[in-house]
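Chemist: My structure is below; once you've seen it, I'll send some questions.
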Amino acid sequence: MTLTHAEYKAIANNIRPNGQAFIDGKFCDASDGEKFETTNPATGQVLANVAHCKVADVNRAVAAARRVFNAGTWSRAEPEERKEVLLKVAALVRENAHELAVLESLDTGKTINDCMDEIGGEVVNFFQWYAELADKSFGKIAPTGPSALALIVKEPAGVAGAVLPWNFPLVMAAWKIAPSLAVGCSAVIKPAEQTPLTTIRLAELMQEAGVPDGVINILPGYGETAGKAIGLHNDIDTVSFTGSSEVGRMFMRYSGDSNLKGVGLEMGGKSPFIVLEDAILDDELIEHAAMSAFWNGGQNCSANMRQLIAAPLVEEFTGRIIDRVKAFKLGDPLDPATDIGSMITKDHKEMVMSYIQSGVAEGAGMLMGGESDFPGHFIKPTVFENVTPEMKIAKEEIFGPVLGIMSVKNAEEALRIASDTDYGLHATVFTQNIDQALHMARSLPCGTVSVNGFSEGDIKTPFGGYKQSGSLARDNGTEAIEQYLQTKTIWVQTKNT
Ligand code: NAD
């Protein structure tokens, strides 16, 4: 249920965020007592002093996670038991959704409506869905002759590490925690340093739901300390990372430099939104174009920032998208009337502004947008026309509200430009021609292709990237649990009787 601005502000005034780490069932400070501040990017207000976890804390958390894994309390519990506990987590998240959403909005600068959708919707759904999978996933039996029985058995991988980004903090935590715990792993989670608060609050709810001590551990901290220690730990069996391709690359190296742990990577993108000549240019298409670019202020890995529009439609498309984007309201993220909140940090805002300047310098036509004088780190939704493939704003992930319109001659040119990138996360195609739609969908080298609408899919469909947007691992769907499972063959010689 949506509340009013005043009601959300009242919740915000009463929140006292917990900034402690959660290790082996206890909230605690970092071993050396160090802390760092987390602030509200929309106001600069300090929200909490947070435990600055480092190697010693990661070691403590992994030891606890290993102890409980080996004891079998969770890893060998009846699947129905894990299911019940995770369903309780879902129920507690739902019960506390308003408070969690306000906390998320304060810590990220995201709009309260998005936070409500993500937490009251997606996070609850994640815990429910993977809870239900706990007692519904089976192994296989291979065909053999009568002298053998060949069982293909899935076992929890052990201790799972996860290192998370700041753009969807609690959703990303749920993406990793729900499937890993459902199959019986213990987990060691590092939220992004900018946005630790909802993941710490989740630990309180997980404890209340009955997750045993040591099964879930939350380590707020920085990448170069806690993140690296997770990547390099010799007793973590698998690590799932979401963030930039640059850091994803490091996780591959950490694995090679330590115990060759499994590495699942979900990384950046530069996704195209393609409108072919026969597409129906109606309000629905424009809404999808606008949301694909400006949802979460463009701080979205699958944001469709390269909009490749068939030449005869470019003028009309440009006029209509400008009209739509002008209607977006920037403002207090806790106001349900706000569409676009703050960028995550001052540095990030400056980085996005430097891309806007480079677009102007390279000759793209800036039609609207730029810096906002609203206090905090706000940038107005920005639209460029006449973008060409070699421009920096056409090639690099901006991770901010900067949409570039490119004119294309035909489907083949659209396909060529769309594919000419190191990324491969997502693409959208609009066309009335089913053959053309399927040709594009099959040819685009990316993990998700959305036809006649912008969508990342849903919980049932795997999400991840081709090329430098991902590894072979996938989040979501039944595919996600593969990141947290080992496969064992049990070959039983049988006697004919
Ligand atoms: P980032 O790579 O800077 O940080 C992600 C996480 O890695 C953080 O927890 C950070 O502390 C940690 N980290 C940073 N340096 C590290 C190091 N040297 N060793 C170990 N850990 C380290 O990314 P970000 O700025 O938080 O997020 C933005 C990026 O995430 C974008 O590129 C975006 O596309 C991507 N992203 C991808 C998906 C997806 O599912 N594909 C989803 C959300 C975000």
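Taken together, the values in this text are just the output of simple stated rules run on the coordinates, not laboratory data. In this text the structure is predicted, and so the values were computed from the model without any measurement. Here the Cβ positions follow ideal geometry from the backbone for every residue, glycine too, while neighbour counts run over all protein chains shown.
Chemist: Tell me which helices (runs of 4 or more DSSP H) are completely within the stretch 243-349 and hold 2 or more residues being away from the ligand (no atom under 16 Å from the Cβ) and over 20 Å from the mean Cα position of the chain (by Cα), or say none if there are none. Give the steps one after another, and end with the answer.
Modeler: Numbers: elements: 245-257, 283-294, 314-326.
Where helices (runs of 4 or more DSSP H) fall fully within the stretch 243-349 and carry at least 2 residues being away from the ligand (no atom under 16 Å from the Cβ) and over 20 Å from the mean Cα position of the chain (by Cα), they are 283-294, 314-326.
Chemist: Run Pro220 past the list (1) surrounded by 24 or more Cβ atoms within 10 Å (Cβ to Cβ); (2) not in a loop (DSSP other than H, G, I, E, B) and report the number of the one that doesn't hold.
Modeler: Failing condition for Pro220: (2).
Chemist: Additional query: What residue, among those in the stretch 50-82 that are basic (Lys, Arg) and surrounded by fewer than 16 Cβ atoms within 10 Å (Cβ to Cβ), is farthest from Asp237 (Cα to Cα)? Steps first, answer last, please.
Modeler: From the stretch 50-82, those basic (Lys, Arg) are 54, 60, 66-67, 76, 82; that's our starting set.
Imposing the further condition that a residue be surrounded by fewer than 16 Cβ atoms within 10 Å (Cβ to Cβ) reduces the set to 67, 76.
Values: Arg67: 14, Arg76: 17 Å.
Looking at the filtered set, the residue picked out is Arg76.
Chemist: OK, next. Determine, yes or no, whether Ala90 is touching a residue at least 24 places away in the same chain (Cβ under 8 Å), of a type in the set (Gly, Ala, Ser), closer than 23 Å to Asp117 by Cα and assigned to a loop (DSSP other than H, G, I, E, B). Step through it out loud before you land on a result.
Modeler: Numbers: touching a residue at least 24 places away in the same chain (Cβ under 8 Å): yes; of a type in the set (Gly, Ala, Ser): yes; closer than 23 Å to Asp117 by Cα: yes; assigned to a loop (DSSP other than H, G, I, E, B): no.
Criteria not met by Ala90.
Conditions tested, residue by residue: (1) in contact with a helix residue (DSSP H, G or I) (Cβ under 9 Å, 6 or more places away or on another chain); (2) assigned to a loop (DSSP other than H, G, I, E, B); (3) within 24 Å of Thr461 (Cα to Cα); (4) β-branched (Val, Ile, Thr).
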{"site": "Thr144", "(1), (2), (3), (4)": "no, yes, no, yes"}
{"site": "Val153", "(1), (2), (3), (4)": "no, no, yes, yes"}
{"site": "Trp166", "(1), (2), (3), (4)": "yes, yes, yes, no"}
{"site": "Ala173", "(1), (2), (3), (4)": "yes, no, yes, no"}
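Chemist: Mind checking which strands (runs of 3 or more DSSP E) fall wholly inside the stretch 383-458 and carry at least 2 residues that are under 25 Å from Arg320 (Cβ atoms), touching a Phe, Trp or Tyr at 6+ places or on another chain (Cβ under 6 Å) and among the small types (Gly, Ala, Ser)? Can you show your working first?
Modeler: Details: elements: 402-408, 426-430, 448-451.
Because the criterion is at least 2 residues that are under 25 Å from Arg320 (Cβ atoms), touching a Phe, Trp or Tyr at 6+ places or on another chain (Cβ under 6 Å) and among the small types (Gly, Ala, Ser), no strands (runs of 3 or more DSSP E) in the stretch 383-458 meet it.
Chemist: Condition (residue is of a type outside the set (S, T, N, Q), out of contact with any Ser or Thr (no Cβ under 9 Å at 6 or more places or on another chain), over 20 Å from Ile398 (Cβ atoms) and within 16 Å of the ligand (Cβ to nearest atom)) applied to the stretch 429-449: is it met by at least one residue?
Modeler: No, the stretch 429-449 contains no residue that is of a type outside the set (S, T, N, Q), out of contact with any Ser or Thr (no Cβ under 9 Å at 6 or more places or on another chain), over 20 Å from Ile398 (Cβ atoms) and within 16 Å of the ligand (Cβ to nearest atom).
Chemist: Check Ser180, Ser137 and return the single one that is among the polar types (S, T, N, Q), surrounded by fewer than 24 Cβ atoms within 10 Å (Cβ to Cβ), away from the ligand (no atom under 14 Å from the Cβ) and not in a strand (DSSP E or B).
Modeler: Values: Ser180 fails: surrounded by fewer than 24 Cβ atoms within 10 Å (Cβ to Cβ).
Residue meeting the stated conditions: Ser137.
Chemist: Next question. Thr225 passes all but one of (1) farther than 25 Å from Asp422 by Cα; (2) near the ligand (Cβ under 7 Å from one of its atoms); which number fails?
Modeler: Every listed condition holds for Thr225 apart from (2).
Chemist: Might you check whether a residue that is within 16 Å of the ligand (Cβ to nearest atom), within 27 Å of Gly139 (Cα to Cα) and out of contact with any Lys or Arg (no Cβ under 6 Å at 6 or more places or on another chain) occurs anywhere in the stretch 194-214?
Modeler: Checked the stretch 194-214: no residue is within 16 Å of the ligand (Cβ to nearest atom), within 27 Å of Gly139 (Cα to Cα) and out of contact with any Lys or Arg (no Cβ under 6 Å at 6 or more places or on another chain).
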